[in-house]
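Have a look at the structure below, then the notes.
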Amino acid sequence: MFLGLASALFSRLVSAWRRARESAMARERARNELYKFKEQTFEGNSADGEEGIERELVELYPEFHDTYMDITNGLTLDDMISEIEKPPGTEPIGNVKRDAQEETTEEEKDDEEYELDSKLLPYVYACYKRIFSGVSSPERVMEAWEQSYIIGCELVDAVEAMGMSEKLDMRLDTLSLPAHLLLVAHAHSRLTPRNKDTADTEFKLYKAGGNPEEIGRVEKPLKMYIGRLGVLLQEFEEHPMLLMLARLAERVGSLTSNSPVIEVLTGLELILKKSQEWQAYVPRRCSVEAQVKGLSELVMRWRRMELESWSDTLNRVDKEYYDKASTAWCHLFEITHVRTADLKAFVSAEEKETEESSSNAFLNELYKAATDFVQKCSFGELPARLDILDSLRSEINRTVCYSDPKPGDISPVTKMKMANVLGNVHKLHQELRVAAELRNERERKGVATKLKDAVKLARWDMSNYWSLRATTKSSHRKLCVLATQYRDILSPSVGAMRVQMEEKDELEYGIINVASIVAEIKEEIKIRAARKIQEHEEAAKEEKEGKGNNKKRRKRRNKRKGESESR
């Protein structure tokens, strides 16, 4: 029952994706029609150009300045001093900038909606794969338990908000105590910093919940910094710079352990920047240098760990192609979830429409679609697309075995044939997958060597915020250029390799391609069918001739018998 509900849920999600995609395409056509006389410029293939590098920097190394924009607004200490000296009624500095950022046109809103839709699909497919072809692990079991705990707490809060708390079991607090203790122990283990070298720790700077134990390191130096600001605020009450620093520190402290490390790091770098501005205007007795030192060491540590985890740069490119392939999952999902009434559309006009003919025609189209789905993709997408075939096959098998058929569904026999088709296409291309992975690994080594050299030559300048910012940008630019080179390795189509493999097999082993084998089998079937027809016609002719000879013999025998009787 659960598998049937899950399959129906994913069908609804794919249908919603299709409607959103069609709506976005219609808006795009209408926009192009509206501006078809407007002069347009095209960049061409500028992936290696300066503009391409800047786009890659934004995509691969996002920042979270929006988290703190309501606090800073881009103001310096000079701006704040001039703001205080302004006469009342004057519009504050920064409001114009923020209002300009908040104003968006209808076209930008449309683009944002389409991007949200495309970003959702990898997560939907990840859930689909985990349900129908996933392998359980302690981490996944703990993650599922944590989600169920959160849902349970939300349900209890909802019941209490409705004034129905008396409906709850009086033993609920006692029964849920082990769950509370388990959650506390789990959170403590995640937040406790590990006593390991940075090279042995997988560092995920840009992933939510990637390194909660690293975020736990912020607590002690941040408390010392907030305490120092409290002392200064007692002497300089309502000072705008001190209030901004206090709000920034509180905002960083309010972030959860599941926040990306880069979001915390951005806040710490802003604190360093504003603290250096404060240091330039105040005497030594009002300095925060001692308290900033702990935060700057943490910033240094994370930037160094980011650079040392250089392989994550290439892994992010791999994930980019995997997510791109998961978008194509929706197209094949719709094909494998057609209804019985839809099978008639696959029968050609020359054939007679029967249940068997429509099923066979659909299976042929499914084979072609699955084959093109694998063969017409890039090297980076090939592993993901083969995983999609296996996930769809697993879903069909499990649905047939553990779910009851519904009215209008395809027969279980046809579904099992669909699963066999997908499984055969998946197995047929395993050799291509191995060859593609070997090729990717071989080409990746050259880029990885350049990355290692970049890590060895990198130096961080912590003398001030702007020096740190410049060195960070420089290091990111080097990594971005190498990521672009690795993307060029993964972008070619696997079709050329498939043709080369078939030609090599034909020369070395005399093995021809599958299309030729299928053509020969069909030709052999036609020859055998024609031979059977010919043999049947010859047998019928002989039988007819034999009946004619028997008739003549009977006539002669009857004639001789009559003559003997007359004598």
Let's test this: bin the Cα-Cα distances of the range 246-295 at 5 Å from zero up to the farthest pair and state each bin's percent.
5, 19, 29, 22, 13, 7, 4, 1
Would you kindly state how much longer the chain becomes between R18 and C127 on full extension, computed as 0.36 nm times their sequence separation minus their alpha carbon distance, in nm to one decimal?
37.4 nm
For M25, M224, the accessible-area ranking with a 1.4 Å probe, largest leading, is M224, M25
Counting only protein heavy atoms and leaving out ligands, DNA and RNA, the solvent-accessible surface of R439 at a 1.4 Å probe, in Å² to the nearest 10, equals 40 Å²
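If you roll a 1.4 Å probe over the heavy atoms of the protein chains, what accessible area per residue do you get for the range 280-387, in Å²?
49 Å²
Probe radius 1.4 Å, ligands and nucleic acids left out: which of T449, T472 has the largest accessible area, and how do the rest follow?
Largest to smallest exposure gives the sequence T449, T472.
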So how do 239-246, 155-162 stack up, highest first, on mean other-Cβ count within 10 Å?
239-246, 155-162
Ordered by residue, what ³J(HN,Hα) values in Hz, to whole numbers, does the range 155-163 give under the Karplus form 6.51 cos²θ - 1.76 cosθ + 1.60, where θ = phi - 60° and Gly and Pro are x?
5, 4, 4, 5, 5, 5, 5, 7, x
Where K456, K478 fall by accessible area, highest first, once all protein chains stay in place (1.4 Å):
K456, K478
How much solvent-accessible surface does E146 expose, in Å² to the nearest 10, with a 1.4 Å probe and all protein chains in place?
40 Å²
Linear extension gain, E353 paired with L243, 0.36 nm per residue minus alpha-carbon span
31.8 nm
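Report, as a whole number in µm² per second, the diffusion coefficient that Stokes-Einstein gives for the range 236-365 at 37 °C and 0.692 mPa s using the Kirkwood radius over alpha carbon pairs.
In µm²/s, the coefficient rounds to 159.
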Please work out how much accessible surface H331 shows to a 1.4 Å probe, ignoring ligands, DNA and RNA, in Å² rounded to 10.
80 Å²
Set K207/K452; K207/K319; K352/K532, cut-off 18 Å on Cα-Cα distance; pairs above it are K207/K452; K352/K532
By average Cβ neighbour count within 10 Å, what is the ranking of 519-529, 362-372 from highest down?
362-372, 519-529
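The values are calculated or read from the model by the stated rules, or taken from the named source; none is laboratory data. The model shown is predicted, which means the values in this text are computed figures rather than measured ones. Here Cβ is always computed from backbone atoms with ideal geometry, including for glycine, and neighbour counts include all displayed protein chains. Ligands, DNA and RNA are excluded from the accessible area calculation, which covers all protein heavy atoms including side chains. Shrake-Rupley method; radii C 1.70, N 1.55, O 1.52, S 1.80 Å.
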